[in-house]
Amino acid sequence: MDTDAVLTLLKDVAEEVINPRFRALATGEIHEKNPGDLVTVADHEAEVLITKALNAAYPDAVVLGEEAHAAQGLLLEAYTSARHAFTVDPVDGTKNFVHGSPDHAVMVGEVHDGVGVRGWIWQPQHGLAYVAERGAGAYRNGERLHRSAPDETALAGRTSRRTWLGKAFGDLAPLTLTWVSCGIDYPKLVEGETDYLLYGSTRPWDHVPGSLIVHEAGGLVGRTDGQPYVASDIAAPGLVAAASPAAYDLVVEAFNGTR
């Protein structure tokens, strides 16, 4: 499938099974996978449809869906060893979706030999599509994106880890809350709404698409220990997504107490 065809797939699936449930979910259509970790019928149905289409187009690829992973423990292992794989997050920001916030997204990432090569984020309620191909740039609704370097003396950062909210690493300003959806957070970083994002988890379906979009727009996503982030990395201690390589270095130094 070419890049436009995958984006069309995400839009069509959202229109079919996600948008009709927005602000219209019945009580029985919302469940907890774990305490506080919500999933809806829209998540399940969207993932099935996207996965089916990707499997048909790429029968030899591993498709790692967030909900499939929850039901199939070995799927993540197959993903990390696959030469060709896709990640699928059918409704990123499920809590936002459940509570009627438009800040949610449908995301897919494509990975070759552990490296993200294409990424798609569709924000159905905002009507915004973010697409990136490695070496070919990042685009919002067809317009090329470029993030200018931030003021390194006044970096503003956000996190979704509640225990880090209000915390100031080194001489950086205290962290504030993200938009609680990677499919919103990463585009906001590229668009200048924050200078860096600090994450405690590295789940591939959350980070593969957005990290590529940031990279292609001129930013850098790496691990909190200063090591490079790759799409097959599921054991990193955390991630820093920054508006520029220099900003990334400053945040990592502050986070690790070496600045």
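The values are calculated or read from the model by the stated rules, or taken from the named source; none is laboratory data. Note that the structure is predicted; figures quoted are calculated from it, not measured. Every residue, glycine among them, receives a Cβ derived from its backbone with ideal geometry; neighbour counts consider all protein chains shown.
Note on the stretch 81-119: residues that are surrounded by fewer than 21 Cβ atoms within 10 Å (Cβ to Cβ) and closer than 14 Å to Ala46 by Cβ total 0.
Every residue, every condition in (1) within 16 Å of Ala5 (Cα to Cα); (2) at pLDDT 95 or above; (3) not β-branched (Val, Ile, Thr), yes or no:
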position	(1), (2), (3)
Arg118	yes, yes, yes
Pro124	no, yes, yes
Gly127	no, yes, yes
Val131	yes, yes, no
Ala136	no, yes, yes
His146	no, yes, yes
Pro150	no, yes, yes
Ala154	no, yes, yes
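The single condition among (1) part of a loop (DSSP other than H, G, I, E, B); (2) without any contact (Cβ under 8 Å) to a residue 60 or more places away in the chain; (3) surrounded by 22 or more Cβ atoms within 10 Å (Cβ to Cβ) that Gly192 does not meet is (3). When Ala247, Ala241, Ala235 are checked against the criterion of being surrounded by 22 or more Cβ atoms within 10 Å (Cβ to Cβ) and under 26 Å from Gly65 (Cα atoms), a single residue qualifies: Ala241. Inspection of the stretch 235-249 identifies no residue that is among the β-branched types (Val, Ile, Thr), closer than 27 Å to Asn141 by Cα and under 12 Å from the mean Cα position of the chain (by Cα). Scan the stretch 120-163 for residues that are of a type in the set (D, E, K, R), surrounded by fewer than 20 Cβ atoms within 10 Å (Cβ to Cβ) and under 21 Å from Trp205 (Cα atoms) and jot them down. Across the stretch 120-163, the qualifying residues are Glu133, Arg134, Arg140, Arg161, Arg162.
If you scan the stretch 7-31, which residues turn out to be in a helix (DSSP H, G or I) and either more than 14 Å from Ala46 (Cβ to Cβ) or aromatic (Phe, Trp, Tyr) (or both)? Answer for the stretch 7-31, where residues must be in a helix (DSSP H, G or I) and either more than 14 Å from Ala46 (Cβ to Cβ) or aromatic (Phe, Trp, Tyr) (or both): Leu7, Thr8, Thr27, Gly28.
Results for (1) part of a strand (DSSP E or B); (2) small (Gly, Ala, Ser); (3) assigned by TED's automatic domain parsing to the domain that holds Asp43; (4) under 27 Å from Glu253 (Cβ atoms), shown as yes or no for each residue.
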position: His69; (1), (2), (3), (4): no, no, yes, no
position: Glu77; (1), (2), (3), (4): no, no, yes, no
position: Lys95; (1), (2), (3), (4): no, no, yes, no
position: Gly116; (1), (2), (3), (4): yes, yes, yes, yes
position: Gln125; (1), (2), (3), (4): no, no, yes, no
position: Tyr130; (1), (2), (3), (4): yes, no, yes, no
position: Glu152; (1), (2), (3), (4): no, no, no, yes
position: Thr163; (1), (2), (3), (4): no, no, no, yes
position: Pro174; (1), (2), (3), (4): no, no, no, yes
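The residue that is surrounded by the fewest Cβ atoms within 10 Å (Cβ to Cβ), among those in the stretch 28-65 that are under 21 Å from Ile18 (Cα atoms), small (Gly, Ala, Ser) and touching a residue at least 40 places away in the same chain (Cβ under 8 Å), is Ala53.
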